[in-house]
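Structure record follows, encoded as structure tokens.
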Amino acid sequence: MPLRRAKTASRHKRIAWEDAFKDIAAHLKELDPTSVVFYASGRASLETAHMYQLMARLYGNNNLPDSSNMCHESTSVGLPQTIGVPVGTVSLDDFEHTDCIFFFGQNVGTNSPRMLPGHNTQKPIVGMAAEALTEWLTVSGVKEGAIFRRIRGAVVAEALEPQAVRAIVKRRAALAGLEGDYSAHSLRSGFMTEAGRQNVPLAEAMALTGHRSVATALRYFQTGAVEKSRAGNLLGWCQTTKSERRLENRYRVFPMSTEFVDET
């Protein structure tokens, strides 16, 4: 239900959608179309964004700055003037080596909810992963809190620190003979890459890793998916023999029916 607050009122009042649209239309008619900015949200769905930009163009202006443009004005303009480069100078690995993180001008609850304790902690796992986790919880006796703990002798102790997880990943990668600079973040990014390699739906993979940014998750996801990309192997397909292509094309699927086509 839309809300409207009159200039003389102290609070908002519910109104019907029809009244809201009429009010918006009346204000737009009073303005010069070239003076209007149509603020677009990066969280809008593709269909919503498409209809929104159509409305703006029909109105007479295609000035549609995305919310990400507004968010990054401080980096594209402010940072070059301050430190000489338009991007941040930290990496995810830096988080593992710092003792304190300061946030200025940000509402962690709405902008970075993953940093709040207990947010989105339920992760659906089945099969071998679930069996292994169940066995560990049974043996360790862990009932609450962190799952992965230090083992001091025969005693399951405190939770592993980020630095400890990083050291474990680096040591195991070295023992496996893997080349590259691995860290704790490699577990998360590697999971997304393997999900892409195994054609796991992106949304399902993100539900487990906790990625909120599709762009970030997609960067790792596509690394694995590209290995099976048909588009990336067009040249290889073109090099297949004529007889192989003829065999592949003998069956063609048409809407509502399957028709055998003999091209020999």
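What follows draws every value from the coordinates through simple rules; no lab data is involved. Being a predicted model, the structure only gives us computed values, none of them experimental. Positions of Cβ are backbone-derived with ideal geometry, glycine not excepted, and every protein chain shown enters the neighbour counts.
For the range 210-222, backbone phi angles converted through the Karplus equation (6.51, -1.76, 1.60; θ = phi - 60°) give residue-by-residue couplings of x, 4, 9, 9, 5, 4, 5, 5, 5, 4, 6, 4, 5 Hz, Gly and Pro being listed as x. The stretch between ALA173 and THR82 holds 28.9 nm of extra length on full extension. This uses 0.36 nm per residue minus the Cα-Cα distance. What fraction, in whole percent, of alpha-carbon pairs in the range 3-69 exceed 17 Å separation? Value for the range 3-69 (Cα pairs over 17 Å): 55 percent. Counting other Cβ atoms within 10 Å as a rough exposure proxy, the listed residues GLU96, GLU135 run GLU135, GLU96 from fewest neighbours to most.
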